[in-house]
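Worksheet for the structure shown next.
Read-outs: derived from the displayed coordinates by stated rules, not from any lab. Everything quoted here is computed from the prediction, not taken from an experiment. Cβ coordinates were reconstructed from backbone atoms using ideal geometry, including for glycine residues, and neighbour counts include every protein chain displayed.
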Amino acid sequence: MSGAGEFEAHDSSGAGSGDVPSGASGPGPDGPPRIPLPRASVEDGGQPLPDLAESGGLAPAPLDLPHDVLKSLLGAWALAACSAAETAAVEEHLGACGSCADEARRLREAVGLLHQPESLDLDPALRTRVLESCLTRRPPRIPVPGWAAPYDAETARLDALLQDFGDAEWHAPVRLRWFEDDAATSRRTTVAGVIAHLLSVDGLVAAAVGLDDPLAEVVDEGGTGGRETAGPAARTEALWRASHFPPTRSVRAPWREQSHSLVRTVSFTGSSAGGLTVPYGDFDLPLHDAMLDRAFECWVHAEDIAVAVDYPYDPPAPRHLNKMIDLAARMLPAALAERRRAGLSAPGRTPHLVPAGTPGRSLRLEIEGAAGGEWLIPLDSPAAVGSAEFEVAHVALDGVEFCKLAAGHVSPEEAAAGQAGDREAIRDVLFAAAGLSRM
């Protein structure tokens, strides 16, 4: 009570609230407060705010500029580089001067062209265009053979996709899919596991051309009978079993080095390597076809990886895709014969022993699109040749759709195919194409 009275007496005496007696260290129960009380705002009293122009000229006064000066400011105005006062003066002038308004419109359109929104993703064909331009100016001393170019391109595209992957992407789940005994089959792995799979199967080609097989000891320890007889699936399983932990991003370096070594080696050998064969365990492929096979699988699994990380991935260049389609079409007669031996298809309608080059019943395979073409597939024997004279069926598919069928990513029943003729022959060929797939 006594403190309040003393405060009222001190305040009424006219002393400021911030006055502190000499020697006092701070406000106490009997002294005035050190911090002054808040002042009432103009808005709290319901009074209008003062006009800035009248109270001291705080608002920028409009500029009165001649026509030549305003015209010289149009470029800066279009780039939004004028001050507030200059912008107001220019925009007021544009409403009264037609010639300056037209010039301002043209400048604004030009500025818009300088800021076109563009995707940060590189054009997939950029690498090919740059290489073609460079090679026309200075051809390489040792060019990459045409049959190895698809493998070179597809490994480079996959390597570019992997370049910025973090740990999360390398361990993203991927499901490998293929057809086996006319049934869809799959195997779960990771992005790193897919690269390990490519590394293991590419090692078959590396060993065939005289390079070191980095998985030779792993495959032998896995009990697969040695690298000469171990097929793609056996090699991959042996590598996965030998890993104490799931594969990580460290698998990229040996896969990348192996792919570069393959391209360099086949480029040096050139056409002289045509007689080499690559053992795949149950079958062999000529080196030329093996390189196409590896390019095809690299593209297919790159798409698997892109789907796993939700990233777009384009098909190969049409000239490369056409070579892959041609390989699959040439493998279909042998695949049909294998299905008959396994009891999955009805026997052929011609004798088992057919002289090589004999024309027989054929199916016309028409592939649409930029990578397309037509192939006559002999139906009754791998030794026979396709003949338009004995054509009994016609199937038409898109190029990418046919490749997905051959990769086991599309079932024969779901393949978007135009069909005409012998239904049994069409079914056999579509299922034989799906049977070309493997892990």
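Here is how the numbers come out for the structure above:
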| quantity | calculated |
| --- | --- |
| Summed side-chain charge close to Arg157 - residues other than Arg157 whose Cβ falls under 9 Å, Lys, Arg +1, Asp, Glu -1 | -2 |
| Estimated FRET transfer efficiency (Glu368, Ala80; beta-carbon r; R0 51 Å; 0.05) | 0.50 |
| Residues with amide H under 5 Å from that of Thr190, placed H, sequence gap 5 or more | Val174 |
| Computed FRET value (nearest 0.05) for Ser72 with Val130, which takes r as the C-beta separation and R₀ as 45 Å | 0.55 |
| Under 5 Å, built H, 5+ apart or other chain: amide partners of Ser345 | Arg340 |
| Theoretical gain in end-to-end length, Phe283 to Asp212 [0.36 nm per residue, Cα-Cα removed] | 23.4 nm |
| Relative pair counts by distance (%), Cα atoms of the range 320-439, 10 Å bins | 15, 50, 31, 4 |
| Leu285 long-range amide H proximity, modeled H, under 5 Å | Val278, Tyr280 |
| Debye equation applied to the C-alpha atoms of the range 143-314, log10 I(q)/I(0) at 0.08 Å⁻¹ | -0.23 |
| Extension gain (nm, one decimal) between Asp164 and Ile142, 0.36 nm per residue minus Cα-Cα | 4.8 nm |
